[in-house]
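Where a number appears in this text, it was derived from the coordinates with a stated rule and is not lab data. Model, not experiment: these values are computed from the prediction. Cβ placement follows ideal geometry from the backbone for every residue including glycine, while neighbour counts extend to all protein chains displayed.
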Amino acid sequence: MEIKSVTEQKSLLSTLAPGKRTRLRRLLFEFGPGNGTLMLLPIDQGIEHGPRDFFPNPASKDPEYQFRLAAEAGYSALACQIGMAEKYYPDYAGQVPLILKVNGKTDVPSSDDAFSTTNSSVEDAVRLGADAVGYTLYVGSPRQDRDLLQLRQVRQDCDRYGMPLVIWAYPRGAALDAKGGQSTFYAIDYAARMAMEMGADVVKLNMPKIDPEKDKLTPAPYNEMQVSQEEAIRQCVESAGRALVVLSGGSKIDDEKVLEQTRFVMQAGGSGVIYGRNVWQREWSEALEIIEQIKESLLANVSRIP
Amino acid sequence: MEIKSVTEQKSLLSTLAPGKRTRLRRLLFEFGPGNGTLMLLPIDQGIEHGPRDFFPNPASKDPEYQFRLAAEAGYSALACQIGMAEKYYPDYAGQVPLILKVNGKTDVPSSDDAFSTTNSSVEDAVRLGADAVGYTLYVGSPRQDRDLLQLRQVRQDCDRYGMPLVIWAYPRGAALDAKGGQSTFYAIDYAARMAMEMGADVVKLNMPKIDPEKDKLTPAPYNEMQVSQEEAIRQCVESAGRALVVLSGGSKIDDEKVLEQTRFVMQAGGSGVIYGRNVWQREWSEALEIIEQIKESLLANVSRIP
Amino acid sequence: MEIKSVTEQKSLLSTLAPGKRTRLRRLLFEFGPGNGTLMLLPIDQGIEHGPRDFFPNPASKDPEYQFRLAAEAGYSALACQIGMAEKYYPDYAGQVPLILKVNGKTDVPSSDDAFSTTNSSVEDAVRLGADAVGYTLYVGSPRQDRDLLQLRQVRQDCDRYGMPLVIWAYPRGAALDAKGGQSTFYAIDYAARMAMEMGADVVKLNMPKIDPEKDKLTPAPYNEMQVSQEEAIRQCVESAGRALVVLSGGSKIDDEKVLEQTRFVMQAGGSGVIYGRNVWQREWSEALEIIEQIKESLLANVSRIP
Amino acid sequence: MEIKSVTEQKSLLSTLAPGKRTRLRRLLFEFGPGNGTLMLLPIDQGIEHGPRDFFPNPASKDPEYQFRLAAEAGYSALACQIGMAEKYYPDYAGQVPLILKVNGKTDVPSSDDAFSTTNSSVEDAVRLGADAVGYTLYVGSPRQDRDLLQLRQVRQDCDRYGMPLVIWAYPRGAALDAKGGQSTFYAIDYAARMAMEMGADVVKLNMPKIDPEKDKLTPAPYNEMQVSQEEAIRQCVESAGRALVVLSGGSKIDDEKVLEQTRFVMQAGGSGVIYGRNVWQREWSEALEIIEQIKESLLANVSRIP
Amino acid sequence: MEIKSVTEQKSLLSTLAPGKRTRLRRLLFEFGPGNGTLMLLPIDQGIEHGPRDFFPNPASKDPEYQFRLAAEAGYSALACQIGMAEKYYPDYAGQVPLILKVNGKTDVPSSDDAFSTTNSSVEDAVRLGADAVGYTLYVGSPRQDRDLLQLRQVRQDCDRYGMPLVIWAYPRGAALDAKGGQSTFYAIDYAARMAMEMGADVVKLNMPKIDPEKDKLTPAPYNEMQVSQEEAIRQCVESAGRALVVLSGGSKIDDEKVLEQTRFVMQAGGSGVIYGRNVWQREWSEALEIIEQIKESLLANVSRIP
């Protein structure tokens, strides 16, 4: 038997039931770059970190900044919580698809036992005309018991309503910190696999960070592997299997890094990026500029047909 | 793209579904000052603090004191718990709208992990003829997981029944105390955004208090900002976006301060005030007097059409 | 506006929906003293304290002792748990009304975080022909979150089935102990208000005990007030507003004290008493004797028409 | 009024609704000794203690040993968990009634906060043709809140389906240990009353053990009473009121003790015994022998008509 | 009465309801060795341990490796979580039966209080055409209360839909560690019995490990028994009664050991094996080779007809 390279994954869309296929196709081919890649704009930092993320670009405090950006710059979709989906999205319906993020939390308490309860439902997503649902899963958290059980309900509702499921797969919690923390290759790789096995259609991953000191704390064989960041992200994308992978940006980094990461994930078989602060913490014209460069990279580095 | 000032927010009413619009309009235009502002009378201190709040004005221990005050002084609405809504409100139905406060708790246990469970429902509110529902959200509490999940149900029921949702957005809990406590600009700003993103139609905020010692403990950039209280409240109102903001009074302060705060919030784009002890801890005629001054301020400082 | 004295409360019955009114009227006017007062017999000590309460009068261990006493001495109602309501009450149906106590617990574990889950339902009460439902609320307990949420369901079911709700309003828990304990004027006053705001039709209160050492630990202004026990109970009755108040007896005290307390609560605007051990820890004829004196006091000291 | 001796309890059957009466009658009169007594065979030690209980008589590891014993020796009923009820009972249906034990747990974790969740339901019992349901209640455990709430559901389902409820009333938990432990007269007496008030039709009690050292730790008046074991069990049976009492055996003791205990409980007004290890830890013919002696004792010492 | 040897258990299939019988028969006779034995391929290590298990054979990271192996080597069934059941199984439907594993967790947090919540349901299994459901029960964990309650729902749904229930019976948790840990004869024996009594149709057991130091910590009589591994597994199989037993492999061991264990469990009356890493951590042709040897052993050592 000849084993195919994972980046030659079988088409995801062909495995999906009609509702999921219709909606996900919309994100992949009708909006955004349009070539089967995903360029997503997240705007949930107002709850995850608070309004402090908006100060570098005060205009961004008004949610319309991100909604207009998503619509005018041609995003595949915008991801936000229920409040903005109800009060801001209606003005942009038809101009950019919506991913309703159904759980979230503040960053005030420690994330030692991170867990985000749902504040909206798949039914809300259907009602609002969303094309996908987003869920944050804290992989490895001491409260994974509640997290996985809650995700079950969301996943089942997604199956019931034909709603694509995007999992924000975040390694987190005290036990993980003792094993090298949330940014190691080990942690991200585990999170990618976990999300796929739990039923994600799209997995949002952070970029693994190679740090020998932290890698030493991870379980074998990760603690002895010496891989480049490029190789690490390739492995993580493989771990997500048929689920599509979008790379998350995190706090604002320089342009070169943004584009390098984008190239890495696309060449690894990923399907796109979900950059928030790296985009909307910029003034309007600068934001449009980096978006254009990201879009070019997505178009130039496709290595997988979803 | 030209970014509008946030205080020039798009009309909230235009984004609301018919039931919410009908009911909220009643508070904004048919009762109270009547010019699209909100003058709300809260009477939940009997459970939140106990009867001790009534001693400065013994007459206030009888709930009829507040109900009569709300009806005769022309309030936009009165907010209370289920017991009084069932046993006292019927006599005043049609004279002043009711906001049914659906959760609450005593202040006997510490508020390190504050959380208020619901003691009534949106269905109760519908049955009693209420025009809105009130919910206390403890932003940043270690038990935010249960709080947000519970709020989800209330919010969904509000959507189902067309009931406006007023969120008492209170920063609270041990983790927040370590970041400067519940009264900083940081804390109130976060709470305002949180409430909006969770689906509030109206957000009740406390006045941020500028205290350099405490502000130092807040996350960047708040820890290095030097803003006036006026500017702080302006920012907090902005963070609530299209949701209307009403300012809460807290413990009794002097008249001048009451009126200054009222002016601040109105000029910042807020929609009104919700003062309890500052009003009903006064003897009847004095209460009417300060109410008149508050109402004048609401009429004089409108900067936003809801 | 002229503020009425609270003891001139508006009729409670006139505010109640038909089902509640019919059933509560039965207790107030068809059974017991019959003049709008309540003489209630509680028999839940077997679970709250265990059989040890029966040793002073061994005959009382057989539940028929209390059932016969309630029926033959002409009580307004008898309150018990589901087991006795199912196995003993049927023989006395029509002879004395039943208050089904729907929650309870043993006193074996500490009451630092007191909470009683329900062991029967309002539907059980309807099925068994009860005329009211009893619920113990531990005001100020660290687990008030679960208590208030549970009470919500009981209260809603009472509204649905027209079943009067009697709240055993007990201040309790470690946090309260640090503020002077469960017997202070502060604690009882808070409990009375809490029960009323949570929807009680009748509130069962313990007699506040004046103890300068403990009162010092209570919040202002209670810590500086010097009130008589008579005045304290008057204030507590006021805090219950339109809800009727019945005074609880606690452990067995001397006859004079029993009758003094009865007079105090009636003169304060209360509606009756609920004495258990003070009655059935006596031998049959002695029990009848003290009951007669209590009934006379209820008839002689009425100061409120329910 | 003349107070009857408790052992002259009114017939339990006459107070039961038709379904319960039919099924309980079957155990009392159609199977077992047949004179209104109960000879029950429990086989839940495999989960409560593990297979270690089977080593004294290896044949007993095969559940058929107990099923055959119950059927051939003429038991009133056999009590087991869902797995054996589904896989072994069908072969014996009609030969011996089934009590489905609906909760249980291993003894691996400490029993400081003992609590057994349900692993089957009253509906399962109905489906399997059981004639009663068994429930273990840990009286006085710190988790009594969950226990009583769970029991409520089981009890309500028993009322709904006419299924007799047998409560294994076990004093347990850290708080109880501090008051003398689970075997004192105080503890068993409390458990008996608790079970009756919670709605048991039949109560399973352990034999109280008189131990002056432990009794000193119990609450008054138990700490000063000097009663014989015979008197203690008599009081405990009284505390169960109209509910029938069956005595549990515990670990294997000598024959004389087994028969003495049986006589005590029957003379005290109890209705039978539920001995497991004392029976099936014996080789087949020895088991039949002791069963015969137990049965004779049940027939000889009846003091109550159920 | 003559007691049969447990390895001469009555046919399990004859006790099962039609749906369970039909599906389990498919695994036993239509697929796999086909002689009433079970050769199962588990692929849940990606969540239970993370992708680290795939490094010894990188090809195994792609789930198709295991799916093809299961289909082409003629397995009785393959067991996986919902994500892979939805995205990979459809291509192999009809070629190999599916066991949907309905719960799972990462190994990041400590297993001191191990508990796996469900991430899919029996209804999912029905929808996907699965022939059995898998559930991990952590026997002896401090959270057995939640585990047993959750299992109840899965078991009841299995009864409702006629879906065979396979229990992964794993002794686990801090209390068990203090009694010798998860691999002793005591622990595995208890787990086997527990699974059977909780309603398993098939029980997955780990091989007991004889270790005198650890055995000393187990309860009597285990602490004094000196049994061979062969005898220990025989006893454990007996404890599972009529439920079928499959032996689990654990981490990769040498071929001889794999085959010895297989022989042990089959001779003890077991029904097969469920080896994961011992199979798919091998390169394709090597995997096929060991599978062939295992299959031969299953065929050669049958001692029980299911």
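Please arrange B:THR118, A:THR22 by how many other C-beta atoms lie within 10 Å of their C-beta, fewest to most.
On the way: B:THR118 22, A:THR22 14.
Taking fewest neighbouring Cβ atoms as first place, the list is A:THR22, B:THR118.
As a proxy for reagent exposure, ranking B:ARG242, A:ARG25, C:ARG304, C:ARG193 by other Cβ atoms within 10 Å from fewest up yields A:ARG25, C:ARG304, B:ARG242, C:ARG193. Shielding of peptide E:147-159 by partners, expressed as the average count of other chain Cβ atoms within 10 Å per residue Cβ, is 4. Inter-part distance, the stretch D:202-259 to the stretch C:202-271, computed on C-alpha centroids, equals 41 Å.
Per residue, chain A reaches -11000 deg cm²/dmol at 222 nm when only DSSP H runs of four or more residues are counted, each adding -39500 (n - 2.57). Rounded to the nearest 20 debye, the dipole magnitude of the stretch B:174-241 is 120 debye, with +1 charges on Lys and Arg beta carbons, -1 on Asp and Glu beta carbons, and the Cα centre as origin. Each copy carries a label point for E:PRO221 at 7 Å from Cα along the beta-carbon vector; from one copy to the others these points are 4.8, 4.8, 7.8, 7.8 nm apart, nearest first.
With +1 on the Cβ of every Lys and Arg and -1 on the Cβ of every Asp and Glu, and nothing else charged, how large is the dipole of the stretch C:52-121 about its Cα centre, in debye rounded to the nearest 20?
For this selection, approximately 80 debye.
The stretch D:52-122 and the stretch C:84-114 have their alpha-carbon centroids 32 Å apart.
Considering Cα pairs under 8 angstrom that are at least six residues apart, work out the relative contact order of chain E and quote it in whole percent. Write down the numbers at each step before the final one.
Values: 637 pairs, mean separation 57.1, N = 306.
Reported relative contact order: 19 percent.
Take the cross-link list D:LYS179/E:LYS179; D:LYS295/E:LYS179; B:LYS61/B:LYS295 and give me the ones stretching past 29 Å between alpha-carbons.
Details: D:LYS179/E:LYS179 27 Å; D:LYS295/E:LYS179 39 Å; B:LYS61/B:LYS295 24 Å.
Flagged as over cut-off: D:LYS295/E:LYS179.
Positive end of the dipole of the stretch B:189-306 (Cβ unit charges, origin at the Cα centre): among B:ALA200, B:PRO212, B:TYR190, the Cα lying farthest that way belongs to B:ALA200.
Using Cβ counts within 10 Å as a stand-in for footprinting exposure, how do B:LYS105, D:LYS252 rank, fewest first? Working shown, then result.
On the way: B:LYS105 22, D:LYS252 17.
Fewest to most other Cβ atoms nearby, the residues stand as D:LYS252, B:LYS105.
Only Lys, Arg, Asp and Glu carry charge here, each on its Cβ (+1 for the first two, -1 for the last two); on that basis the protein assembly as shown has a dipole of about 2880 debye about its Cα centre. If a/c stays under 1.5 just call it rounded; otherwise compare a/b with b/c (prolate if a/b is bigger, oblate if not). Do that for the stretch B:1-97, with a ≥ b ≥ c from the square roots of the Cα gyration tensor eigenvalues. Prolate is the answer for the stretch B:1-97, as a/c is 1.5 or above and a/b outweighs b/c.
Within a 10 angstrom radius of each residue's Cβ in D:29-36, how many Cβ atoms of other chains show up on average? Whole number is fine.
Working: counts 0, 0, 0, 0, 0, 0, 0, 0.
That works out to 0 on average.
Closest approach to the axis carrying D onto A, counted by Cβ on chain D and given in whole Å with its residue, is D:ARG146, 9. Of all aspartates and glutamates in the structure, the ones whose alpha carbon falls short of 16 Å from that of E:LYS252, not counting any fewer than 8 places away in one chain, are E:ASP44, E:GLU48, E:ASP53, E:GLU260, E:GLU283, E:GLU286, E:GLU289. Sorted from closest to farthest, the other copies place their D:TYR161 label points 2.2, 2.2, 3.5, 3.5 nm away, with each point set 7 Å from Cα along Cα→Cβ.
How well do other chains shield peptide C:11-23, expressed as the mean number of their Cβ atoms within 10 Å of each residue Cβ?
On the way: counts 0, 1, 0, 2, 6, 2, 1, 0, 0, 0, 0, 0, 0.
Neighbouring Cβ atoms belonging to other protein chains average 1 per residue here.
Across the identical copies, the label point of A:SER110 (7 Å from Cα in the Cβ direction) is separated from its matches by 1.4, 1.4, 2.3, 2.4 nm, in order from shortest. Under DSSP H, which helices of chain D have Cα atoms covering 20 Å or more of the helix axis and a Kyte-Doolittle average no less than -1.0? Going by DSSP H runs, the hits are D:284-300. Let me make sure I get this right: for chain B, a, b and c are the square roots of the gyration tensor eigenvalues over alpha carbons, sorted descending. Under 1.5 in a/c it's rounded, otherwise prolate if a/b > b/c, else oblate. Which is it? Taking the square roots of the gyration eigenvalues as a ≥ b ≥ c, chain B is rounded.
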